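Just below is one structure, and these are the notes that go with it.
The values are calculated or read from the model by the stated rules, or taken from the named source; none is laboratory data. All of these numbers come straight from a predicted model, not from anything done at the bench. Here the Cβ positions follow ideal geometry from the backbone for every residue, glycine too, while neighbour counts run over all protein chains shown.
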Amino acid sequence: MPDHIMTVRQLIKYAGHELQLEVRAGHDGLDRVLKTAESNRPGLALCGHYDHFGHERVQILGHGETAYIENLPASERDEVLQTFFSYDLPCVIVANNLPIPSELVAIGNHTNTPILTTRLSSAVLTTRLLLFLEDEFGPSEYIHGNLVDVFGVGVLILGESGIGKSECALELLQKGHRLIADDTVLLKRVSGHRVFGMRAQPLKHYMEVRGLGIVDVIGLFGVTAVGDRTQVELVITLEHWDEAKAYNRTGLDEEVYSFHNERIPYIVIPVATGRNISNLIEVAAMNLWGQKLGFHPAKELNDTLIAEMAKRNAEEVLDEWQHTTLHREILEPTKPKEI
């Protein structure tokens with residue numbers, strides 16, 4: 001799993017527009033490291049209760065906290081802020097575009113603690129910040145494979161080296177689909193029980209094709225043929241056809257690919273002469289879309305067959321019963337004998 005460090009500077013760079021962040025003090029502390037996705041409203045801490053104080057979290061000041069600071073006597077205000085900033089805080093964000101007390105700016109510059117403001121309310125800021133940081137701090141790892149966006153479905157293609165992953169991705173590109181990553185895919189679990197895949201940044205938009213060498217995807221197919229990342233919704237493993245192996249022929253036995261407890265639909269496609277693998281991947285992606293919309297051909301066919309067999313069994317039972325003596329006696333009762 002690659003090491004990932006998120007600093008206040010990176011938070012501003014990647015989420016500053018969405019969170020509407022502006023730096024007001026503590027510019028020299030922008031390289032402070034964020035260690036958790038959770039934020040903290042430090043009302044109790046400002047009142048002197050520091051037991052279980054989450055000082056490692058981003059501190060958010062709303063109407064209540066700023067009003068409390070402003071209403072304190074000057075001498076007590078300095079003491080409260082000195083105690084508060086004696087902890088190793090990653091940064092402080094003042095919400096609702098509230099005016100920042102001058103003492104807060106001064107101590108932020110003195111301790112090199114970034115003081116930021118935002119127009120967002122504290123509730124909206126807390127939610128958006130949590131979602132962004134959960135994505136950044138989610139578990140991730142590099143996978144050997146290809147990631148292609150097929151009909152809006154992120155398809156991760158796995159298989160041993162030389163099985164034809166890049167050639168298959170190249171065929172899909174020729175059909176108008178998008179390449180996300182070739183050879184090395186970075187998978188990351190994010191909020192909402194989703195797994196996103198993206199390319200390793202140094203590799204950018206190049207592909208390695210055996211026999212051809214390095215191919216510039218944008219140069220050949222245009223800028224619309226590549227993407228930065230996509231949600232991985234289907235994992236396909238290519239393997240050489242094994243006559244002794246029983247492959248899934250109905251689709252009723254659904255398999256899953258597990259990535260940090262997230263379960264993704266999984267298919268094994270055997271590779272053999274004459275099989276068009278790119279066509280099969282397109283059909284698999286379309287079939288997945290159908291299942292999302294409530295259409296499951298294998299289950300529908302299975303239910304139809306079961307209903308037909310139950311109907312035929314009932315008809316056979318009825319037919320047998322109609323030929324029994326009991327049935328004839330019920331429908332055609334014998335006349336009473338005359339005495």
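Considering only the range 14-33, I want to know if a residue exists there that is aromatic (Phe, Trp, Tyr), within 17 Å of Thr126 (Cα to Cα) and surrounded by fewer than 19 Cβ atoms within 10 Å (Cβ to Cβ). Yes, the conditions are met somewhere in the range 14-33. When residues in the range 123-170 are screened for being touching a helix residue (DSSP H, G or I) at 6+ places or on another chain (Cβ under 7 Å) and either charged (D, E, K, R) or assigned to a helix (DSSP H, G or I) (or both), 5 of them pass. Of the residues in the range 284-302, at least one is within 35 Å of the chain's Cα centre (by Cα), under 25 Å from Ser166 (Cβ atoms) and without any contact (Cβ under 8 Å) to a residue 40 or more places away in the chain. For the condition hydrophobic (A, V, I, L, M, F, W, C) and either in contact (Cβ under 8 Å) with a residue 24 or more places away in the chain or not assigned by TED's automatic domain parsing to the domain that holds Ala123 (or both), Ala67 does not qualify.
Of all the criteria given as (1) farther than 22 Å from Val58 by Cα; (2) touching a helix residue (DSSP H, G or I) at 6+ places or on another chain (Cβ under 8 Å), the one not satisfied by Ser191 is (1). Summed over the range 205-251, the residues that are assigned to a loop (DSSP other than H, G, I, E, B), in contact (Cβ under 8 Å) with a residue 24 or more places away in the chain and among the hydroxyl-bearing types (Ser, Thr, Tyr) give a count of 1.
Within the group Pro99, Pro90, which residue is part of a loop (DSSP other than H, G, I, E, B), out of contact with any Phe, Trp or Tyr (no Cβ under 9 Å at 6 or more places or on another chain) and buried (at least 22 other Cβ atoms within 10 Å of the Cβ)? None of the others qualify; the one that does is Pro90.
In this structure, Leu116 qualifies as part of a strand (DSSP E or B) and either modelled with pLDDT under 95 or among the aliphatic types (A, V, I, L, M) (or both).
Within the range 292-307, the only residue that satisfies the criterion of being buried (at least 16 other Cβ atoms within 10 Å of the Cβ) and part of a helix (DSSP H, G or I) is Ala298. When each of Gln59, Gln20, Gln82 is tested for being in contact with a Phe, Trp or Tyr (Cβ under 9 Å, 6 or more places away or on another chain) and among the polar types (S, T, N, Q), the lone residue that passes is Gln59.
Restricting attention to the range 33-59, the residues being touching a residue at least 60 places away in the same chain (Cβ under 8 Å), closer than 17 Å to Phe132 by Cβ and not polar (S, T, N, Q) number 4. Within the range 244-269, the set of residues being surrounded by 14 or more Cβ atoms within 10 Å (Cβ to Cβ) and touching a strand residue (DSSP E or B) at 6+ places or on another chain (Cβ under 6 Å) comprises Tyr257, Phe259, Glu262, Ile264, Pro265, Tyr266, Ile267, Val268, Ile269.
Scanning the range 178-195 for residues that are surrounded by fewer than 22 Cβ atoms within 10 Å (Cβ to Cβ) and either touching a residue at least 40 places away in the same chain (Cβ under 8 Å) or among the aliphatic types (A, V, I, L, M) (or both) yields Arg178, Thr184, Leu186, Arg189, Val190, Ser191, His193, Arg194.
Looking only at residues of the range 114-136 that are within 11 Å of Ala37 (Cα to Cα) and β-branched (Val, Ile, Thr), we find that the one that is nearest to the chain's Cα centre (by Cα) is Thr127. So Ser102 ticks every box in (1) touching a Cys at 6+ places or on another chain (Cβ under 7 Å); (2) at pLDDT below 95; (3) not aromatic (Phe, Trp, Tyr) but one. Which box is left unticked? Of (1) touching a Cys at 6+ places or on another chain (Cβ under 7 Å); (2) at pLDDT below 95; (3) not aromatic (Phe, Trp, Tyr), only one is false for Ser102: (1).
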